[in-house]
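Trainee: The structure's right below; bear with me while I get my questions together.
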Amino acid sequence: MTYEPPTALPRDLLSDNDLQHALRDHDFGTVFRIARERAGISYSKIAAECDIKPERVGTLARGQGRITTFGKVAQISDALRVPGYLVGLAPRLWEADSAPAGTSRAENGPQNVRRRTLLQAATSTGLAAALPSLHRPDAPQRITETYVERLRERTARLRRLDEVLGGGDTYRVYLGEVQHTKGLLRQGSFTVEARIRLTALLAEQAQQAGWAAFDGGRTPDAVALYEESRTAARDADDPDLYGNSLAFLAYKTLADDRRTAVAFAEDSCATITARTPSSVRALLYERLAWACAVDGRAASTEEALTAARRALDHAPDGEPQPDWAVWVDHTELDIMTGRCWTELGRPLRAVPVLTDALSRFTDEHARDKALYLSWLADAYLAAGEVEQAAETTGRALQLATGVASIRPRQRLTPLLDRLRPYAHTSQVRDLLNHVADQAPSTESLIHRKHRSAPMETGTAHSSGLSHG
């Protein structure tokens, strides 16, 4: 007989609209709360079956933090006996045993609930099973522009994974796309235009894979992919992607050679022409602003930020934007502005803009919001607002828990060290005690990651540099 966990949700509860909405959004805090209030399932039982610390279950139920990794989403689904389609997974193994006789697993669930494209839970090992709608289309004997466009649409869907997952989860997914496209270019038969477009797609995919490598701590792989992207963009005669590849190299170089990084960023902006889409203009100027801020060039920073804002403010109605830059908006630019002022030691300018921008930024983007909060905490500390810095650092730590990215930990480790001299204040003392209580899952992991990877020197966002 199939094992039935004590946390299995009643079938009638699984049809509840509030529960289904929470499951679709991967809002497991609400799921846990509903399970306790309406099914009498205690948090301690949920913690035991889902392999989550009891205090973490309570924290999630109070609306603090998110579950963002594929493995944990699958584990919770199995523990609560939630059918896969409700959380964006393929049918779970136990569903075949629990379905009524004569009912296929595909029929085991309401027809009006479409499978999600798993933006909140996927890894290289789970992607094929979890994303049936993203199976790669078979290549025709002669590759056409239409087929390349289908691959580009697939790349755009996969790019959304970076909005909620870290590079440790997504790197092999994106690298697989690069390798497949390279194979087509080596072995395929093309029209001339199809080859050019496929080469441009390779540049785009290499940038995304390089970004995931960087986010996951694979810096040498990131550099190689950025260089490969630059070559492909040049071969495709695509100035926008070429400029973006230079901006990626600038971002990576900041940790080792700030002047060279600024030069890369300046060269990226030099690729801007009258035909460059407004989102790409803003993106390249934003990255130049960050490079200048890290190098201590306040006037150049403000000039670049002004150029980025002008690009967004004067974007023509209906102007087509490439998917890899479409995320650049006024909220993102406000966050970059606050980060630049923090880096330049101007907390009184940084705090208001960061606070306002972060109020419009949801916790769903856990990695990015944790990073952005780290700069807000940094600005508070620079302004002498120790209590606010401790509170903000605590929020960032909560969001960073379980995210497969080295960068939040790189940012939060020095913040914790700078807060330690203020341990006599209750907010700092409580934060440090909480970090110690969570060891090794929090503090020792932070320090281990901090020692094994280069320091975070900047941000990025999905497909461009990525949020944060």
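The values are calculated or read from the model by the stated rules, or taken from the named source; none is laboratory data. Everything numeric in this text was worked out from a predicted model, so none of it was measured. A quick note on method: Cβ atoms are made from the backbone with ideal geometry, for glycine too, and the neighbour counts reach across all protein chains shown. Only protein heavy atoms, including side chains, enter the accessible area calculation; ligands, DNA and RNA are left aside. Shrake-Rupley method; radii C 1.70, N 1.55, O 1.52, S 1.80 Å.
Trainee: Output the qualifying pairs, or none if there are none: Cβ atoms under 9 angstrom, residues six or more apart or on different chains, first residue in the stretch 182-194 and more than 19 Å from Ala233 (Cβ to Cβ), second residue part of a strand (DSSP E or B) and not hydrophobic (A, V, I, L, M, F, W, C).
Mentor: Gly188/Arg142; Ser189/Arg142; Thr191/Arg142
Trainee: Any residue in the stretch 306-317 that is closer than 22 Å to Cys340 by Cβ, modelled with pLDDT of 95 or more and under 22 Å from the mean Cα position of the chain (by Cα)?
Mentor: No, the stretch 306-317 contains no residue that is closer than 22 Å to Cys340 by Cβ, modelled with pLDDT of 95 or more and under 22 Å from the mean Cα position of the chain (by Cα).
Trainee: Just checking, how many residues over the stretch 331-347 are modelled with pLDDT of 95 or more and either of a type in the set (Asp, Glu) or open to solvent by 30 Å² or more (accessible area, probe 1.4 Å) (or both)?
Mentor: Number satisfying all stated conditions: 5.
Trainee: Another one. Mind telling me which of the residues Asp267, Asp257, Asp313, Asp237 ends up being among the acidic types (Asp, Glu) and touching a residue at least 40 places away in the same chain (Cβ under 8 Å)? Show your work before the answer.
Mentor: Numbers: Asp267 fails: touching a residue at least 40 places away in the same chain (Cβ under 8 Å); Asp257 fails: touching a residue at least 40 places away in the same chain (Cβ under 8 Å); Asp313 fails: touching a residue at least 40 places away in the same chain (Cβ under 8 Å).
Residue meeting the stated conditions: Asp237.
Trainee: In the stretch 47-74, what residues are aliphatic (A, V, I, L, M), within 18 Å of Asp169 (Cα to Cα) and assigned to a helix (DSSP H, G or I)?
Mentor: Result: Val73, Ala74.
Trainee: Consider Gln207 against the criteria (1) open to solvent by 40 Å² or more (accessible area, probe 1.4 Å); (2) in a helix (DSSP H, G or I); (3) not small (Gly, Ala, Ser): it satisfies all of them except one. Which criterion is unmet?
Mentor: Looking at each condition in turn, Gln207 falls short on (1).
Trainee: Please state which one of Arg195, Arg150 is among the charged types (D, E, K, R), over 30 Å from Leu371 (Cα atoms) and crowded, with 16+ Cβ neighbours inside 10 Å.
Mentor: The conditions single out Arg195.
Trainee: Within the stretch 376-398, is even one residue under 18 Å from the mean Cα position of the chain (by Cα), in a helix (DSSP H, G or I), β-branched (Val, Ile, Thr) and closer than 27 Å to Thr219 by Cβ?
Mentor: No, the conditions are met nowhere in the stretch 376-398.
Trainee: Still on this structure, please answer the following. Filtering the stretch 8-35 down to residues that are under 22 Å from Ala366 (Cβ atoms) and part of a loop (DSSP other than H, G, I, E, B), which residue is modelled with the lowest pLDDT?
Mentor: Here the answer is Asp25.
Trainee: Would you confirm, using the coordinates I've provided, whether Asp51 is out of contact with any strand residue (DSSP E or B) (no Cβ under 9 Å at 6 or more places or on another chain), open to solvent by 40 Å² or more (accessible area, probe 1.4 Å) and in contact (Cβ under 8 Å) with a residue 60 or more places away in the chain?
Mentor: Judged against the criteria, Asp51 is not a match.
Results for (1) open to solvent by less than 40 Å² (accessible area, probe 1.4 Å); (2) touching a Ser or Thr at 6+ places or on another chain (Cβ under 7 Å); (3) at pLDDT below 90; (4) assigned to a helix (DSSP H, G or I), shown as yes or no for each residue.
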{"position": "Leu415", "(1), (2), (3), (4)": "yes, yes, no, yes"}
{"position": "Val428", "(1), (2), (3), (4)": "yes, no, no, yes"}
{"position": "His434", "(1), (2), (3), (4)": "no, no, yes, yes"}
{"position": "Asp437", "(1), (2), (3), (4)": "no, no, yes, yes"}
{"position": "Leu445", "(1), (2), (3), (4)": "yes, no, yes, yes"}
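Trainee: Mind checking which residues of the stretch 156-172 are open to solvent by less than 10 Å² (accessible area, probe 1.4 Å) and not in a loop (DSSP other than H, G, I, E, B)?
Mentor: Result: Leu158, Arg159, Leu161, Asp162, Gly167, Thr170.
Trainee: On the given criteria, is Thr144 open to solvent by 50 Å² or more (accessible area, probe 1.4 Å), at pLDDT 50 or above and hydroxyl-bearing (Ser, Thr, Tyr)?
Mentor: yes
Trainee: Tell me, yes or no, whether the stretch 322-339 has at least one residue that is touching a Leu at 6+ places or on another chain (Cβ under 8 Å), of a type in the set (Asp, Glu) and under 30 Å from Asp430 (Cα atoms).
Mentor: no
Trainee: Would you mind stating whether Arg38 is over 19 Å from Glu364 (Cα atoms) and more than 28 Å from the chain's Cα centre (by Cα)?
Mentor: yes
Trainee: Would you check if there is a residue in the stretch 380-394 being without any contact (Cβ under 8 Å) to a residue 60 or more places away in the chain, under 29 Å from Asp162 (Cβ atoms) and among the small types (Gly, Ala, Ser)?
Mentor: yes
Trainee: I've got another one for you. Tell me the residue from Glu343, Glu364 that is under 16 Å from the mean Cα position of the chain (by Cα) and under 29 Å from Asp162 (Cβ atoms), please.
Mentor: Working: Glu343 fails: under 16 Å from the mean Cα position of the chain (by Cα).
After applying the criteria, what remains is Glu364.
Trainee: Something else: Among what's in the stretch 259-298 and is open to solvent by 10 Å² or more (accessible area, probe 1.4 Å), not aliphatic (A, V, I, L, M) and not in a helix (DSSP H, G or I), pick the residue that is nearest to Asp317 (Cα to Cα).
Mentor: Ranking the candidates gives Pro277 first.
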